[in-house]
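This is the structure I want to talk about, given as structure tokens.
The values are calculated or read from the model by the stated rules, or taken from the named source; none is laboratory data. Please read all numbers here as calculations on a predicted model, not as lab measurements. All Cβ positions, even for glycine, are placed from backbone atoms using ideal geometry, and neighbour counts span all protein chains on display.
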Amino acid sequence: MAFPRTVVGALALLLAVALLWTVLPGTSRAGQDTRSNRGPIVFFLTPQGVKDGRFRVDVRVDTHSGDLSRLDLQSATVLRLGTREYPALTPVSLGGHHGTGTLWFGLGEAPRAFEIVIRGVGTQGALSFRWP
């Protein structure tokens with residue numbers, strides 16, 4: 001049974017959009033944009049909302065200039081809401097050249113506008129990621 005070209009074309013377009021949605025760094029399934037930086041250590045941060053009374057931000061870190069195991073994200077990271085700063089609550093264990101983890105912050109609801117600052121990242125100094 002042959003499908004009309006319009007059906008095949010529409011299915012191909014839907015598949016392409018779905019694939020791009022999962023791999024583009026500017027999108028997230030939770031509806032929040034991913035933020036990233038450029039440099040010897042690249043961070044991709046994606047807010048995922050609140051779970052169990054804590055605000056969750058997924059992190060992916062990539063580098064080809066060293067081992068990530070020396071990077072202490074918990075002590076280096078704060079979330080800013082206006083003038084208030086919230087430290088990361090749990091450690092993120094990284095190693096090798098590529099790592100993933102989750103930063104948790106003591107917020108009972110997901111903020112609309114906020115900033116995440118990661119300090120002391122090699123020669124990059126402080127990195128700032130803002131939403132929206």
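Among the listed residues Arg112, Arg70, Arg84, Arg119, which satisfies the condition of being surrounded by 12 or more Cβ atoms within 10 Å (Cβ to Cβ) and more than 14 Å from the chain's Cα centre (by Cα)?
Arg119
What's the total number of residues in the range 88-132 that are closer than 18 Å to Lys51 by Cβ and either in a strand (DSSP E or B) or small (Gly, Ala, Ser) (or both)?
13
Take the conditions of a type in the set (Ser, Thr, Tyr) and under 16 Å from the mean Cα position of the chain (by Cα) and apply them to Ser93. Does it pass?
In short, yes.
Which count do you get for residues in the range 37-56 that are part of a strand (DSSP E or B) and not hydrophobic (A, V, I, L, M, F, W, C)?
Residues that pass the stated criteria total 7.
If you don't mind, there's one more thing I want to ask. Being touching a His at 6+ places or on another chain (Cβ under 8 Å) and β-branched (Val, Ile, Thr) narrows it down to one residue among Val92, Val61, Val50, Val57; which is it?
Checking each option against the conditions leaves just Val61.
Show the residue pairs meeting these rules: Cβ distance below 9 Å; 6+ apart or different chains; first residue within the range 96-110 and of a type in the set (D, E, K, R); second residue at pLDDT 95 or above and surrounded by 19 or more Cβ atoms within 10 Å (Cβ to Cβ).
Listed by first residue and then by second, the contacts come to Glu109/Phe55.
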